[in-house]
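Heads up: the structure comes next, in structure tokens.
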There are 2 protein chains.
Amino acid sequence: MSTERIPSASPSVSRLIDELNKLPGVGPKSAQRLAYYVIRLPAEEAHSLVEAIMAVKEKIIFCSVCQNMTDTDPCPICDDSRRDRSQICVVEEPLDVLALERTHCHRGLYHVLHGVISPMNGIGPEDLRMKELLPRLEDGLVQEVIIATNPTLEGEATAMYIQRQIANLKVKVTHLARGLPVGGDLEYADELTLSRAFRSRSEL
Amino acid sequence: MSTERIPSASPSVSRLIDELNKLPGVGPKSAQRLAYYVIRLPAEEAHSLVEAIMAVKEKIIFCSVCQNMTDTDPCPICDDSRRDRSQICVVEEPLDVLALERTHCHRGLYHVLHGVISPMNGIGPEDLRMKELLPRLEDGLVQEVIIATNPTLEGEATAMYIQRQIANLKVKVTHLARGLPVGGDLEYADELTLSRAFRSRSEL
């Protein structure tokens, strides 16, 4: 489907459909729908979208502390004096920071790896923002590193690697609990999740 | 969800997420995913997306014949001498033209209404590209008007209105068959579709 040309669409419409089709999660049908939506947008709204895209391309840099994407260095979180500097939560991606911020559970800082160790894809620790983590733990301020990589094979391997790297420092290393998702159905939980939930059962 | 601000995202990221969130079918989560995808795009690809958006805003006009959106007037279909000028297929939206072109069933021309008559939303025939249709039927070349509005209440009402408008011209007016969708399951068909399919049954 995605390579299909639509000869009857005008060149500039076809081109926009092609461009939108490249976005993740946007199939050929959605790309068409989006394209005609954009065509119908008032000029100032289309301009505002284009400006927003250009702004991120121009302004976004990596925070020199946590490696998250940011307009300013240090980023708003690292720069916030109200954040607890004794805890660093290590995540794979900037999106994970947003997800955790929404929970309001973590008042400490973050460290963004920008990926996971994945030998299959030829990604080793040196391809991630891993080496930037260790210097952050050396001043003795940090008491706990909360590893919040994804509960996948690669995420767990990355967590293990980080743990081994900082084992000789006097820092507590924790990771997020595994168990049944809230609102989920025991019957539909996969075996691994269920067995982890069973083994990590806690007293009521 | 959509009005929720993410204080920890940088201003330019937040702004892009907001802009993407306005697109149809793009919820707050997809907007975040898309935003970080755009941030990571190589500069030339982001530029290519921006250019494609600006190009449609600058170049797209309405075809003076069929009213479809186009870069050139007349549009590629109206301008194609191989198209059958005796048939005009009337559709609601430019996307419907693309959908019909993919079937390769219709070799005639189109007429795009850009909407349907919808008294509930205050949309009357004068708000559509309806008046542009009649002059196209006056030269006697057109033998058949195929009405391909959606099989909805409003689509049917619009079809009826068009039929009444051209009843006194010597033009055959047809509409697309209603029936069971191919690959669908009789058991899951709604009553209206099933009764239309039953009444329009044809000999094998």
Fill in: Candidate set from segment A:14-69 (those that are closer than 30 Å to A:Leu137 by Cα and not hydrophobic (A, V, I, L, M, F, W, C)); member that is farthest from the chain's Cα centre (by Cα)
A:Lys59
Worksheet entry | Hits in segment A:116-161 - residues which are over 17 Å from the mean Cα position of the chain (by Cα), closer than 18 Å to A:Pro94 by Cα and of a type in the set (A, V, I, L, M) | A:Val145
Worksheet item: So which strands (runs of 3 or more DSSP E) stay within segment B:95-204 end to end and still have 2 or more residues that are under 23 Å from B:Ser64 (Cα atoms)?
Response: B:108-112, B:144-147
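Looking only at segment B:67-77, which residues are more than 9 Å from chain A (Cβ to nearest Cβ) and either crowded, with 20+ Cβ neighbours inside 10 Å or part of a helix (DSSP H, G or I) (or both)?
If the condition is that a residue be more than 9 Å from chain A (Cβ to nearest Cβ) and either crowded, with 20+ Cβ neighbours inside 10 Å or part of a helix (DSSP H, G or I) (or both), then B:Gln67 is the only one that fits.
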Fill in: Filter pass, A:Ser64 being closer than 21 Å to B:Met69 by Cβ, among the hydroxyl-bearing types (Ser, Thr, Tyr) and free of Cβ contacts under 8 Å to residues at least 24 places away in the same chain
no
Discussion item. Looking at A:Ser64, A:Ser86, A:Ser48 in this structure, which one is assigned to a loop (DSSP other than H, G, I, E, B) and of a type in the set (Gly, Ala, Ser)?
Written reply: A:Ser64
Discussion item. It is to be established whether one or more residues within segment B:44-55 are open to solvent by less than 10 Å² (accessible area, probe 1.4 Å) and modelled with pLDDT under 90.
Written reply: no
Worksheet item: Considering only residues of segment A:126-162 that are open to solvent by 90 Å² or more (accessible area, probe 1.4 Å) and within 18 Å of A:Ser200 (Cβ to Cβ), which is modelled with the lowest pLDDT?
Response: A:Pro151
Item to complete: Inspect all residues belonging to segment B:59-82 and state whether any of them is touching a helix residue (DSSP H, G or I) at 6+ places or on another chain (Cβ under 9 Å) and over 16 Å from B:Pro94 (Cβ atoms).
Response: no
Discussion item. Of all residues being in contact (Cβ under 8 Å) with a residue 24 or more places away in the chain and either polar (S, T, N, Q) or buried (at least 16 other Cβ atoms within 10 Å of the Cβ) (or both) in segment A:12-31, which is farthest from the other protein chains (Cβ to nearest Cβ)? Just the residue, please.
Written reply: A:Pro28
Item to complete: Residues being of a type in the set (Ser, Thr, Tyr) and open to solvent by 80 Å² or more (accessible area, probe 1.4 Å): count how many of those fall in segment A:178-204.
Response: 2
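The values are calculated or read from the model by the stated rules, or taken from the named source; none is laboratory data. Just so it is clear, the model here is predicted, and its values are computed rather than measured. Note that each Cβ is placed from the backbone with ideal geometry, even for glycine, and that neighbours are counted across all protein chains shown. These area figures cover heavy atoms from the full protein model, side chains too; ligands, DNA and RNA do not enter into them. Shrake-Rupley method; radii C 1.70, N 1.55, O 1.52, S 1.80 Å.
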